[in-house]
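Working notes, structure below.
The values are calculated or read from the model by the stated rules, or taken from the named source; none is laboratory data. Since the model is a prediction, treat every value here as computed from it, not as a measurement. Cβ: placed from backbone, ideal geometry, glycine included. Neighbour counts: every protein chain shown.
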Amino acid sequence: MEVEEQRKRILFGRRKGKPLRKTQQKAVDKLLPLLTVPLDADKIDLPALFDHKVDQYWLEIGFGGGEHLAWQAEHHPEAGIIGCEPFINGVAMLLAKIMDTDIENVRVHNEAAERLMDKLPDASLDKGFLLFADPWPKTSHHKRRFVTDANVEALARLLKDDAILRVGTDHADYGAWILHHFLRSDKFVWEVEKPNDWLIRGDDWPKTRYESKAEREGRKSVYYRFRRVARGA
Ligand SMILES: C[S@@+](CC[C@H](N)C(=O)[O-])C[C@H]1O[C@@H](n2cnc3c(N)ncnc32)[C@H](O)[C@@H]1O
């Protein structure tokens, strides 16, 4: 697939599931308009997005029910975190959690991440997370995978020099696909110190809901850390 064609991809997953619970609907009605990232300007003004000054900007793509995102936000008040998730039921779960806590450093994009990524400034992100993206196992569906050369290139544009992108998957074929795409980019290197690094999640990387399900079903996960090569290095 050509790079331009890849960028024009539409969302392949679901936008809606079963009806929201009362508390979730309340959280969506109250918080979604307040926390949605506005996309009307040419580029997103990151410092203006957050009410309090933050030192870093992080992006989580496809946060599902938001367990990982909420954990990171609670443990890293110094970071302003944007979460992208087109599935409203997942967004509702995150917002219901936010209602119950003091989390103030999260903003939400309830659409495919690509639309928001296009509007983020160059070298603006300190960290990224792509955790258990849909593996689309059938060969005829591989073109639906989030990891494409175009999205690797887009992430390289957005991440600051030496910023880390964490990518997890429980799907062996997608795991190989992800490595192949990041390693063939000259803008990322795979951060590994020990031979089994990629099999260890690490203390500041909590399990996601999808990963827990994979574990219950007997699938092992892998945890990649890709570092954005410094520009001009
Ligand atoms: C397998 S789930 C994993 C969710 C969560 N990260 C976890 O590990 O529990 C993949 C998620 O990616 C979301 N997704 C699919 N395409 C996306 C896109 N283009 N941008 C952002 N999120 C996307 C789906 O709606 C889904 O919630």
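Below, the figures for the structure above:
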{"item": "Boolean, D186 is in contact (Cβ under 8 Å) with a residue 24 or more places away in the chain and part of a loop (DSSP other than H, G, I, E, B)", "result": "yes"}
{"item": "Residue pairs meeting the criteria (Cβ under 8 Å; at least 6 apart or on separate chains; first of a type in the set (S, T, Y), in segment 36-60; second assigned to a helix (DSSP H, G or I))", "result": "Y57/L46"}
{"item": "Only one of A70, A48 that is at pLDDT 95 or above, more than 16 Å from the chain's Cα centre (by Cα) and not in a loop (DSSP other than H, G, I, E, B)", "result": "A48"}
{"item": "Pairs, first within 11 Å of the ligand (Cβ to nearest atom) in segment 72-93, second of a type in the set (D, E), C-beta under 6 Å, six or more apart", "result": "G83/E60; P86/E111; V91/E85"}
{"item": "Residues that are over 17 Å from P86 (Cβ atoms), among the aliphatic types (A, V, I, L, M) and crowded, with 17+ Cβ neighbours inside 10 Å, drawn from segment 32-50", "result": "I44, L46"}
{"item": "Among the residues listed as L116, L120, L165, the single one being within 15 Å of the ligand (Cβ to nearest atom), among the hydrophobic types (A, V, I, L, M, F, W, C), buried (at least 18 other Cβ atoms within 10 Å of the Cβ) and in a helix (DSSP H, G or I)", "result": "L116"}
{"item": "Criterion violated by A70 - all others in (1) in contact with a strand residue (DSSP E or B) (Cβ under 6 Å, 6 or more places away or on another chain); (2) closer than 19 Å to P206 by Cα satisfied", "result": "(1)"}
{"item": "Exclusive hit being under 20 Å from D122 (Cα atoms) and either part of a loop (DSSP other than H, G, I, E, B) or away from the ligand (no atom under 16 Å from the Cβ) (or both), set G202, G232, G218", "result": "G232"}
